[in-house]
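Each remark here refers to the structure printed beneath this line.
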Amino acid sequence: MPESGQPSEAGGGGWIVLGVLNEILLKLASQPDLRSLWHEVCSSARWIVPSQRLCVVLSNEGGGARVAARYAHGEFEYGAPEGSVVVDAWMVAALEAQRAAWFKGPWTEPRQIDLARAWLLAESPEVVFHVPIQVYKKTIGTMLFALEDQRQIDRKALASATTYALYVGATYTMLKNAIDLAAASEQLRERNEELERVQQELRVQLDRVRAQHEAMLEMSTPIIQVWDSVLTLPVIGTVDSARAARMMEEVLAAVVAQSARFLIVDLTGAQATDASTVEHLLRLFAAARLLGSRCIASGVPRGMVEPILEIGGGLGEIQVFGTLKSALEHVMGALRQPARPAR
């Protein structure tokens, strides 16, 4: 590992006046993204510590390091050379350090181990000066300056570079947080849009299901006028509360509109899965009778007999026929009979 050390009192030329430093710091704060930020950092840092090459290395959250930017002879490159992995012991030491220091050659390690190190040491500098980038006293990275003369790093250069690095750390953290927040906001917006799209699809599907349900209810209440003042209601399947309410509404409206004398309820296809089906039908019979229509039941299935007896004690005044045909024959015969004179 190369020799390391601290800057000396003497030497120099690295001092930069406060006004110029303030101007540099203000310019850093105006950068819109990380690429432009690191470009400005690399460009302006060379006014503080004149160097052959400059490399910015950041710590990874899961350990290790990555090259954020490189600058040499006026050429800026964002990121590391392809295939680079920062593995040098002195680079790791620089990331772990709490204050600026230098590493001095000779550089005896094989440079092909890491392309980033090979790039930094390409011109065989005398020393590599590192300044930690810190936020809240935590080192998040370092700036590595390749210097051809160790005397370029004195106490004055150290003061300027340390102040500069602290501001770089604060600016980088604020910009990265803003970028992360914007990315999170965009993800949230996309998720909200996706949720809204899914909700819209669900609403469309629900409306479709409701429409289909309405259509099924209409189909499940086919009131047929078989003759003047004669209505027939075929009941197929189970009669639940919703279907019973619709049947009651439409049948009674048809009885009034047609002045129906007879209402034949054909139960050939009905299913009495529970007592509620029978209760709904008995209420329908009673309501039709109150409107003056004679109710006739046909085709009562065997499974409905016992519930009728248990709930209604029978069908009372309702005439019952085995088939719809026999019920219709009975009604047609009743219609042909002359009306009885009023007493």
Query raised in the report: In the set TYR167, TYR172, which member is open to solvent by 60 Å² or more (accessible area, probe 1.4 Å), touching a residue at least 60 places away in the same chain (Cβ under 8 Å) and either assigned to a helix (DSSP H, G or I) or touching an Asp or Glu at 6+ places or on another chain (Cβ under 8 Å) (or both)?
Result: TYR167
Query raised in the report: Here are some conditions: (1) under 46 Å from the mean Cα position of the chain (by Cα); (2) modelled with pLDDT of 90 or more. ALA146 meets all but one. Which one does it not meet?
Result: (1)
Query raised in the report: When the stretch 175-200 is examined, which residues are found to be free of Cβ contacts under 8 Å to residues at least 12 places away in the same chain and open to solvent by less than 80 Å² (accessible area, probe 1.4 Å)?
Result: ALA178, ASP180, ALA182, ALA183, ALA184, SER185, GLU186, VAL198, GLN199
Query raised in the report: Are any residues in the stretch 276-301 assigned to a loop (DSSP other than H, G, I, E, B) and either over 13 Å from GLN319 (Cα atoms) or open to solvent by 30 Å² or more (accessible area, probe 1.4 Å) (or both), and if so, which ones?
Result: LEU291, GLY292, VAL300, PRO301
Report summary line: Log entry, pairs with first residue in the stretch 26-54 being closer than 19 Å to ALA72 by Cα, second being part of a loop (DSSP other than H, G, I, E, B) and charged (D, E, K, R), beta carbons closer than 8 Å, six or more apart or on different chains, reads GLN52/GLU123; GLN52/GLU148; ARG53/GLU123
Report summary line: Among the residues of the stretch 227-275, the number that are assigned to a loop (DSSP other than H, G, I, E, B) and closer than 16 Å to ALA288 by Cβ is 5
Report summary line: Scanning the stretch 23-37 residue by residue, those within 15 Å of TYR71 (Cβ to Cβ) and of a type in the set (Lys, Arg) turn out to be ARG35
Report task. Mind listing just one residue for me: the one in the stretch 84-99 that is within 40 Å of the chain's Cα centre (by Cα) and modelled with pLDDT under 75 and, of those, surrounded by the most Cβ atoms within 10 Å (Cβ to Cβ)? Result -> VAL86
Query raised in the report: Could you list, in sequence order, the residues of the stretch 317-331 that are part of a helix (DSSP H, G or I) and in contact (Cβ under 8 Å) with a residue 24 or more places away in the chain?
Result: LEU324, SER326, ALA327, LEU328, HIS330, VAL331
Report task. With the condition kept exactly as written, say whether any residue in the stretch 215-223 is over 33 Å from the mean Cα position of the chain (by Cα), within 30 Å of LEU263 (Cα to Cα), β-branched (Val, Ile, Thr) and modelled with pLDDT under 90. Result -> yes
Query raised in the report: From the residues in the stretch 236-258 that are charged (D, E, K, R) and out of contact with any helix residue (DSSP H, G or I) (no Cβ under 7 Å at 6 or more places or on another chain), which one is surrounded by the most Cβ atoms within 10 Å (Cβ to Cβ)?
Result: GLU250
Query - Qualifying residues in the stretch 116-161 (those that are of a type in the set (Ser, Thr, Tyr) and crowded, with 16+ Cβ neighbours inside 10 Å) - the one farthest from SER59 (Cα to Cα) - result: SER160
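The values are calculated or read from the model by the stated rules, or taken from the named source; none is laboratory data. Here the structure is a predicted model, which means the values were calculated and not measured. No Cβ is skipped: glycine too gets one built from the backbone with ideal geometry, and neighbour counts run over all protein chains shown. For accessibility, only protein heavy atoms count, side chains too; no ligands or nucleic acids. Shrake-Rupley method; radii C 1.70, N 1.55, O 1.52, S 1.80 Å.
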